[in-house]
Amino acid sequence: GSEAKAELAREAGCTHPIVLDASSRRELPAKVKELTGGAKVPVVYDSIGRDTFDASLECLQPFGLMVLFGASSGPVPPVDPQILNRKGSLFLTRPTLYSYIADPAELHEVHRRSQGDRSEAGEGPAEDHGCAVQGFLPNAV
């Protein structure tokens, strides 16, 4: 993490960005408990993987969901499912974008909706959530 990333998070509406480095990652559960009055959080999105997996699990309230969507520090070693039981009936998922876009029709729907066209779904125009686009990649479709 960095202060620059924290500032981007604040600008996007994050109330309490937490900046940690490799040496302070173990402090994450304590900081989350402090910010939530001990309640912890219902969902954790972890893009780092091996180095943050255990700390991320510690941040979840009972029945919480851990979304492991990256492995920038390396893959998470095999997990004993009983740890999810012991920590409060937690849920763990490891999604991959390909599962969501493997069907060309679904890919086009995701693209259409991401561009703000939600009329076919009866949802009306997309809301502006203030997300900043950092760059574009060429279309794969």
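Here are the numbers for this structure:
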quantity	calculated
Pair list, Cβ under 7 Å, 6 or more apart: segment 1-26 residue part of a loop (DSSP other than H, G, I, E, B), other residue exposed (fewer than 12 other Cβ atoms within 10 Å of the Cβ) and among the hydroxyl-bearing types (Ser, Thr, Tyr)	VAL19/SER2
Residues of segment 45-54 that turn out to be of a type in the set (A, V, I, L, M, F, W, C) and either within 16 Å of LEU97 (Cβ to Cβ) or open to solvent by 20 Å² or more (accessible area, probe 1.4 Å) (or both), as a count	1
All positions within segment 55-74 that are open to solvent by 50 Å² or more (accessible area, probe 1.4 Å) and in contact with a helix residue (DSSP H, G or I) (Cβ under 7 Å, 6 or more places away or on another chain)	GLU58
Cβ pairs under 7 Å, 6+ apart, first in segment 46-69 and more than 14 Å from ILE83 (Cβ to Cβ), second open to solvent by 60 Å² or more (accessible area, probe 1.4 Å) and of a type in the set (A, V, I, L, M)	ASP51/ALA22
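The values are calculated or read from the model by the stated rules, or taken from the named source; none is laboratory data. Here the structure is a predicted model, which is why all the values come from computation and not from measurement. As a convention, Cβ positions derive from the backbone with ideal geometry for all residues, glycine included, and neighbour counts pool all protein chains shown. Only protein heavy atoms, including side chains, enter the accessible area calculation; ligands, DNA and RNA are left aside. Shrake-Rupley method; radii C 1.70, N 1.55, O 1.52, S 1.80 Å.
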